[in-house]
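The values are calculated or read from the model by the stated rules, or taken from the named source; none is laboratory data. Predicted model only: the values in this text are computed from it and were never measured. All Cβ positions, glycine included, derive from the backbone under ideal geometry; neighbour counts span all protein chains shown.
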């Protein structure tokens, strides 16, 4: 790493991207009643979801007509039909921050590049990272808490846990982790703060470009080296595609897993009987993870672009319109999930949820996210006996209308 110049922080040292997060994603405790009202009226509505929820328009798509999709069947149709509902919508937002990301591509370009990245995140690959990458991070973070008997599980664990895993995967210097975290978060703010969002993107891009060249000439065992050597039809992946993936990985591989793990712990601590059932029977962990993703998945809204005039849910949608695809609303559709607002790890039969999207653009990192959540939960159950909410502190509040997370989980356990 000595050949790579240090990562540059924001020019304004007082800028706090974590505060700006509320402006981009909202601070609502519960957007689901309003979504349920919409769903009762119909599965598709001619409205801008952000405006409907009381937030300002996204600056990157303020000039475009928006439709909000809330029905389970209709959400599945949109996510499963990339020819009609294009991912080019993300060129206006993710594309500004991440660059030539696979998330902004359609076929034939998308599957050509995606298959290369996907190889690095297949279940048989990510499962090997458990002991070598994931467990050391868990040991480091939990080791600082276990003797105290009290902790804020978000600020002291989940907020840092998946990001530190990403740093280890990329082989990045530990001392630069705080700067990476700040820049990664700021990239997602481009819809409400273009200057800071693009500054973060530019600085990460400069850093990763230099890192990519170094790892291409002197490869190691890290993910950057793997991607630097990867080929498509006998040619290396274009640098801009790799750099955009690395920009997005810090976010997609860190931010969403931090949110999902925090939601999972909130659901369990608010339902001590279910937490105790997991403690006794670890085979329930996979279904607990899927229930947390369904109940309050970290990404409530996904975006698509109507590639042609189309009728969906009885509503005419013109070509060029943006679709605010409410995966969170579909995941609480009472026609598919009885008592959908309840967190219930014993829910049967299991049905597909859309927390990781669906179809050709289903989340590449979903298997790693599940490995991280599984190992984190096992470690907490093993090491924090008697884990419970701290009655002397405020209960956790899951907030947001776009991305959901509690900012604090105050807990007690037997030291």
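Within the stretch 33-46, the residues that satisfy the criterion of being in contact (Cβ under 8 Å) with a residue 12 or more places away in the chain and either surrounded by 15 or more Cβ atoms within 10 Å (Cβ to Cβ) or outside any loop (DSSP other than H, G, I, E, B) (or both) are 34, 35, 36, 38, 39, 43, 44, 45. Residue pairs whose Cβ atoms lie under 9 Å apart, separated by 6 or more positions or on different chains, with the first residue in the stretch 382-395 and without any contact (Cβ under 8 Å) to a residue 60 or more places away in the chain and on the phi < 0 side of the Ramachandran plot and the second loosely packed, with under 14 Cβ neighbours inside 10 Å and part of a loop (DSSP other than H, G, I, E, B), are 385/414.
Given 260, 292, 319, 288, which one is more than 22 Å from the chain's Cα centre (by Cα), in contact (Cβ under 8 Å) with a residue 12 or more places away in the chain and either within 30 Å of residue 112 (Cβ to Cβ) or in a helix (DSSP H, G or I) (or both)?
Values: 260 fails: more than 22 Å from the chain's Cα centre (by Cα); 292 fails: more than 22 Å from the chain's Cα centre (by Cα); 288 fails: more than 22 Å from the chain's Cα centre (by Cα).
Result of the check over 260, 292, 319, 288: 319.
As a summary of the residue check, residue 295 satisfies the conditions (1) surrounded by fewer than 24 Cβ atoms within 10 Å (Cβ to Cβ); (2) modelled with pLDDT of 95 or more except for the one numbered (1). Which of the numbered conditions does residue 188 fail, given that it passes all the others? Conditions: (1) within 26 Å of residue 98 (Cα to Cα); (2) in a helix (DSSP H, G or I); (3) at pLDDT 85 or above; (4) touching a helix residue (DSSP H, G or I) at 6+ places or on another chain (Cβ under 7 Å). Checking residue 188 against (1) within 26 Å of residue 98 (Cα to Cα); (2) in a helix (DSSP H, G or I); (3) at pLDDT 85 or above; (4) touching a helix residue (DSSP H, G or I) at 6+ places or on another chain (Cβ under 7 Å), the one that fails is (3). The residue that is modelled with the lowest pLDDT, counting only those in the stretch 222-257 that are outside any helix (DSSP H, G or I) and surrounded by 23 or more Cβ atoms within 10 Å (Cβ to Cβ), is 253. Regarding residue 49, is this residue buried (at least 17 other Cβ atoms within 10 Å of the Cβ), touching a helix residue (DSSP H, G or I) at 6+ places or on another chain (Cβ under 7 Å) and either at pLDDT 85 or above or over 24 Å from residue 368 (Cβ atoms) (or both)? No: the conditions fail for residue 49. Flag: residue 72 does not match the condition of being crowded, with 20+ Cβ neighbours inside 10 Å, out of contact with any helix residue (DSSP H, G or I) (no Cβ under 7 Å at 6 or more places or on another chain) and at pLDDT 90 or above.
May I ask you to verify whether residue 182 is over 21 Å from residue 364 (Cα atoms), free of Cβ contacts under 8 Å to residues at least 24 places away in the same chain and part of a helix (DSSP H, G or I)? So that I can check it myself, show each step before the final result.
Details: over 21 Å from residue 364 (Cα atoms): yes; free of Cβ contacts under 8 Å to residues at least 24 places away in the same chain: no; part of a helix (DSSP H, G or I): yes.
Here the answer is no, as residue 182 does not meet what is asked.
Restricted to the stretch 95-141, and to residues there that are in contact with a strand residue (DSSP E or B) (Cβ under 9 Å, 6 or more places away or on another chain) and assigned to a helix (DSSP H, G or I), the residue that is surrounded by the fewest Cβ atoms within 10 Å (Cβ to Cβ) is 115. Identify all residues within the stretch 268-283 that are within 20 Å of residue 411 (Cβ to Cβ), out of contact with any strand residue (DSSP E or B) (no Cβ under 7 Å at 6 or more places or on another chain) and in a helix (DSSP H, G or I); write none if there are none. Correct list: 268, 273, 274, 275, 276, 277, 278, 279, 280, 282.
Can you work out which of the residues in the stretch 153-166 that are farther than 20 Å from residue 127 by Cβ and assigned to a helix (DSSP H, G or I) is farthest from the chain's Cα centre (by Cα)? Talk me through it step by step, then tell me what you get.
Our first condition is that a residue be farther than 20 Å from residue 127 by Cβ; within the stretch 153-166, this holds for 153-160, 163.
Next cut, assigned to a helix (DSSP H, G or I) only: 154-158, 163.
Details: 154: 16, 155: 17, 156: 19, 157: 17, 158: 13, 163: 12 Å.
Out of the qualifying residues, it is 156.
From the list 70, 154, 133, exactly one residue is within 30 Å of residue 407 (Cβ to Cβ) and without any contact (Cβ under 8 Å) to a residue 40 or more places away in the chain. Which is it? Result: 133 is the single residue among 70, 154, 133 that is within 30 Å of residue 407 (Cβ to Cβ) and without any contact (Cβ under 8 Å) to a residue 40 or more places away in the chain.
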